[in-house]
Amino acid sequence: AIKMTLGWAHDTRNKAFFPDSGMLESLSVDTALPGSQITYYKLASQTNWYRSLLKIFTLSLDGTLSYGDAYGGTTGFPFFENYYAGGIHSVRGYRSNTLGPQENDTAIGGAFSVTGSAELLFTPPFMEENSSFRMGTFFDIGNVYKDYQSFDAGELRYSTGVSAVWLSPIGPLTFSLARALNAQATDHTEVFQFSLGAVF
């Protein structure tokens with residue numbers, strides 16, 4: 001496939017790590033161009049918003065919408081481009097990439113994904129001068145659907161818990177302890193989650 005990717009971002013955050021004001025907005029478009037064996041497109045919009053509260057807390061609000069579809073002579077969005085959700089970088093408390101449509105108890109992803117998070121971040125007591133460690137309490141929401149026409153707010157999954165991020169010498173370490181609030185019988189939950197790399 002011949003692919004084209006376009007992206008736009010607007011960043012007013014006051015810091016790249018642990019910002020306490022500003023916003024990061026981004027839009028991206030990925031397209032398999034006409035002439036390819038399979039033609040499709042993917043759209044993604046992400047917003048991260050930060051606001052300082054009482055000088056010791058930072059409120060963080062994050063939201064992501066992602067959608068894909070086929071066009072031209074291609075019928076159906078290709079399964080290998082599906083979106084997935086669940087895990088420390090989307091809906092914590094659910095095992096990574098397990099939310100959404102399933103076949104034989106295995107997540108197969110979908111063409112429409114919606115996730116969001118509200119988190120209250122703070123520096124632990126007696127560590128106010130520490131610039132490399134933060135903790136937080138969060139509420140996550142999201143799920144994956146076959147397509148946008150299949151969206152059902154009643155199928156959204158929720159979780160809450162506590163988080164910690166350490167900017168270690170080997171890279172950002174992210175931890176979470178989460179409780180899935182409305183897990184269904186087919187969901188795969190996970191209380192403790194860990195990541196080395198990008199900060200959620």
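So which residues in the range 161-200 are among the polar types (S, T, N, Q) and assigned to a strand (DSSP E or B), if there are any at all? Write out each step before concluding.
First, pick out the residues of the range 161-200 that are among the polar types (S, T, N, Q): 163, 168, 174, 176, 182, 184, 186, 189, 193, 195.
Matches in the range 161-200: 163, 168, 174, 176, 189, 193, 195.
Any chance you could count how many residues in the range 83-111 are in contact (Cβ under 8 Å) with a residue 40 or more places away in the chain and open to solvent by less than 30 Å² (accessible area, probe 1.4 Å)?
Start the filter on the range 83-111 by keeping residues that are in contact (Cβ under 8 Å) with a residue 40 or more places away in the chain, which leaves 83-96, 98-102, 105, 110-111.
Filter once more, keeping what is open to solvent by less than 30 Å² (accessible area, probe 1.4 Å): 85-88, 90-94, 98-100, 110-111.
Residues in the range 83-111 being in contact (Cβ under 8 Å) with a residue 40 or more places away in the chain and open to solvent by less than 30 Å² (accessible area, probe 1.4 Å): 14 in total.
Determine whether the range 26-46 contains at least one residue that is open to solvent by 40 Å² or more (accessible area, probe 1.4 Å), over 21 Å from residue 111 (Cβ atoms) and hydroxyl-bearing (Ser, Thr, Tyr).
No, that holds for no residue.
Let's see how each residue does on (1) in contact with a strand residue (DSSP E or B) (Cβ under 6 Å, 6 or more places away or on another chain); (2) open to solvent by 30 Å² or more (accessible area, probe 1.4 Å):
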{"position": "118", "(1), (2)": "yes, yes"}
{"position": "121", "(1), (2)": "yes, yes"}
{"position": "124", "(1), (2)": "yes, no"}
{"position": "129", "(1), (2)": "no, yes"}
{"position": "138", "(1), (2)": "yes, no"}
{"position": "145", "(1), (2)": "yes, no"}
{"position": "152", "(1), (2)": "no, yes"}
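What are the pairs, 6+ residues apart or on separate chains, where a residue within the range 123-137 that is free of Cβ contacts under 8 Å to residues at least 12 places away in the same chain has its Cβ under 6 Å from a residue that is surrounded by 15 or more Cβ atoms within 10 Å (Cβ to Cβ) and among the hydrophobic types (A, V, I, L, M, F, W, C)?
Matching pairs, first to second residue: 124/135.
Keeping to the range 154-177, report how many residues are under 17 Å from the mean Cα position of the chain (by Cα) and open to solvent by less than 60 Å² (accessible area, probe 1.4 Å).
Of the residues in the range 154-177, 12 are under 17 Å from the mean Cα position of the chain (by Cα) and open to solvent by less than 60 Å² (accessible area, probe 1.4 Å).
Yes/no matrix, rows are residues, columns are (1) assigned to a strand (DSSP E or B); (2) over 27 Å from residue 30 (Cα atoms); (3) at pLDDT below 95:
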residue	(1), (2), (3)
114	yes, no, no
128	no, yes, yes
154	no, yes, no
159	yes, yes, no
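I'm told residue 123 meets every condition in (1) at pLDDT below 95; (2) more than 22 Å from residue 194 (Cα to Cα) except one. Can you identify the failing condition by its number?
Here residue 123 meets the rest and fails (2).
Look at residue 77 and say whether it is open to solvent by 30 Å² or more (accessible area, probe 1.4 Å), more than 28 Å from residue 154 (Cα to Cα) and in contact with a strand residue (DSSP E or B) (Cβ under 6 Å, 6 or more places away or on another chain). Please lay out each step first, then the result.
Numbers: open to solvent by 30 Å² or more (accessible area, probe 1.4 Å): yes; more than 28 Å from residue 154 (Cα to Cα): no; in contact with a strand residue (DSSP E or B) (Cβ under 6 Å, 6 or more places away or on another chain): yes.
For residue 77, the condition - open to solvent by 30 Å² or more (accessible area, probe 1.4 Å), more than 28 Å from residue 154 (Cα to Cα) and in contact with a strand residue (DSSP E or B) (Cβ under 6 Å, 6 or more places away or on another chain) - is not met.
Being in contact with a strand residue (DSSP E or B) (Cβ under 8 Å, 6 or more places away or on another chain), in contact (Cβ under 8 Å) with a residue 12 or more places away in the chain, farther than 24 Å from residue 127 by Cα and among the aliphatic types (A, V, I, L, M) narrows it down to one residue among 165, 191; which is it?
Numbers: 165 fails: farther than 24 Å from residue 127 by Cα.
Just one listed residue meets the conditions, 191.
Taking the range 44-74 only, how many residues are over 12 Å from residue 120 (Cα atoms), at pLDDT 95 or above and either not in a strand (DSSP E or B) or not aromatic (Phe, Trp, Tyr) (or both)?
13
Any idea how many residues of the range 75-107 are assigned to a loop (DSSP other than H, G, I, E, B), at negative phi and of a type in the set (S, T, N, Q)?
Initial filter on the range 75-107 (assigned to a loop (DSSP other than H, G, I, E, B)): 75-78, 82, 84-93, 95-101, 104-105.
Right, trim to at negative phi and you get 75, 77-78, 82, 84-85, 88-92, 95-96, 98-99, 101.
Then keep just the ones that are of a type in the set (S, T, N, Q); that gives 75, 82, 90, 96, 98.
Residues flagged as assigned to a loop (DSSP other than H, G, I, E, B), at negative phi and of a type in the set (S, T, N, Q) within the range 75-107 amount to 5.
The values are calculated or read from the model by the stated rules, or taken from the named source; none is laboratory data. Note that this is a predicted model, so its numbers are computed, not measured. Positions of Cβ are generated from backbone atoms using ideal geometry, with glycine treated the same way; all protein chains shown enter the neighbour counts. What goes into the accessible areas is simple: the full protein's heavy atoms, side chains included, and nothing from ligands, DNA or RNA. Shrake-Rupley method; radii C 1.70, N 1.55, O 1.52, S 1.80 Å.
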